[in-house]
Each structure stands twice: as structure tokens, then as C-alpha cells.
Amino acid sequence: MSQDERMYSIDLQSINLTEYSQKGKVLDIGGGGEGIIGQLLGEKVIAIDPRSDELEEAAEGPLKIIMDARELKFLNNTFDGATSFFTLMYIEKQYHQKVFEEIYRVLKDEGELTIWDATIPPYPGGIKDIFLVPLEIDLKDKKITTTYGVLWDQAEQDMKYYIQLGERVGFEVAKKEEMGQIYCIGFKKKVSFKNFKNS
Ligand SMILES: C[S@@+](CC[C@H](N)C(=O)[O-])C[C@H]1O[C@@H](n2cnc3c(N)ncnc32)[C@H](O)[C@@H]1O
């Protein structure tokens, strides 16, 4: 069977990032590949990815560090913002909570985590077992067309899934937006009583 026969693609989805901004230092999770957030925010970005080839492929601008989101090598309360641009769909579900906990830990109080990801319905079985998300991304100065794809089996996810996960680790939802079969969620790290006592 050819790779093409295995592919199931949704329609082209559009994202407008021209209004997105983030103050201070921004940790981009899985910032290799196209490195979209790095292209948008440049030197404000610390892009981490376990794959050096993916980081090398990404455009210059961000500080690129080989690192796994499941075990971030940063001190607590380091970043003003964090982003995950179609990265969580590439990370196995069993690790999602750990990744959220790590991001929560390295964000400053009131720090913001913004994720963009896709709605992936349950795998219906059959030969089409690679789920493709074609995207047209509007940055401030250019448009990028790319496709992200994952093995469909066990990749099921939607916006509600990530909202519940974020709230479970202590984030509150500051904004959420669905655009066709993709979505953007803005989380905020709540200032906890424990953090007040320690400050
Ligand atoms: C295809 S890219 C997604 C898009 C990318 N954020 C961009 O802007 O183009 C997904 C990236 O997630 C990375 N990744 C996979 N598992 C990861 C993990 N545990 N921690 C951090 N990054 C991971 C992959 O190596 C890959 O570079």
C-alpha cells in the first residue's frame, strides 16, 4: 500500500496570527519544523524540540534548544508566555498531563500558554490511518502553507479535551476560539495561595 492511500485529509484550514503577540520571553514547545511562532516573534522565542533536525530546519531568530517538553530544564517561573503550535497532536496522550504540568511550572504567575491544535475524530478503522491537517497561516509579513500529519489511531482530541487538561493542572481559560476544525486556547497561570505564601 502506498503512503498516499493511507492519508486522510481535512479541508484547508486558515489561521490568522497577525494579531497574536506575547510580551516577554516565550517558550515555544516543539518549535522545530516550520517554527511558526519563531517566525512570528523572532528573538523573544526559546524554541525547544527533542529533534535537532527539526530545530535546524526552523528559521533563524529564536534561541533553539534540544529539549523534551516532558522534562523542561528551566527553573520555575521563568517565562512570560508559552506556545504550542500544532505540537501536542504529535505527543502521545499519556504524556500530555506531564507536559502541561511542566509548562505550568516554568511560567511566571499570570503567564500565558497559548495552544493551537486540531480536532481529530476517533479513528474509524480502515486503510486511511494518517490524519492530515493542511493549514494556511497568515503571519504579519507573509503567508505560509503547510500540512501537519499524525498516525490517526489514538490521536483523537478536541478543544474540550485540552481545556479539561489545562484546568486540571491549574490553568484558567482566558480565551478560546474554534475556527473550523482547528482551535486556539489561551490559558493563564493562576496565582495560587501557595505561590503567594512563597513570594
Ligand atoms: C511538526 S511540528 C509541529 C509544528 C511546529 N510547532 C511548527 O511551528 O511548525 C511538531 C514538533 O513537535 C516535536 N515534538 C514531538 N514530541 C515532543 C516533545 N515531547 N517535546 C517537545 N517537542 C516535541 C517534534 O519533534 C516536531 O518538531
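A few remarks follow.
- About the Cα centre, charge dipole magnitude for the stretch 1-134 (Lys/Arg +1, Asp/Glu -1 at Cβ), debye: 340
- Comparing Phe74, Phe131, Phe187 in a Gaussian network model of the chain, where Cα atoms under 10 Å apart are tied by springs, the biggest mean-square fluctuation is seen for Phe74.
- Proximal charge balance of Glu71 [Cβ under 9 Å; K/R count +1, D/E count -1]: +1
- Degrees, to the nearest 10: 159-169 long Cα axis against longest axis of the chain: 30
- Most fluctuating residue given options Ala82, Ala47, Ala58, as computed from a GNM of the chain linking Cα atoms under 10 Å: Ala58
- Counted without the sites themselves, the longest stretch of the chain free of GluC sites (Glu not before Pro) in a DSSP loop having at most 11 other beta carbon atoms within 10 Å is 93-199.
- Spin-label pair Lys143/Arg168, simplified geometry with 7 Å Cα→Cβ offset, distance in nm: 3.9
- Cut-off 13 Å between beta-carbons: net charge of the residues surrounding Lys128, Lys and Arg +1, Asp and Glu -1: -3
- Relative to the dominant Cα principal axis of the chain, helix 96-106 is inclined by about 30°.
- A Cα-only calculation for the chain places Rg and Dmax at 16.7, 60 Å.
Here, each number is a calculation from the coordinates, and none is a lab measurement. As the structure is a prediction and not an experimental result, all values here were calculated from the model. Ideal geometry is used to build each Cβ from the backbone, glycine not excepted, and the neighbour counts take in all protein chains shown.
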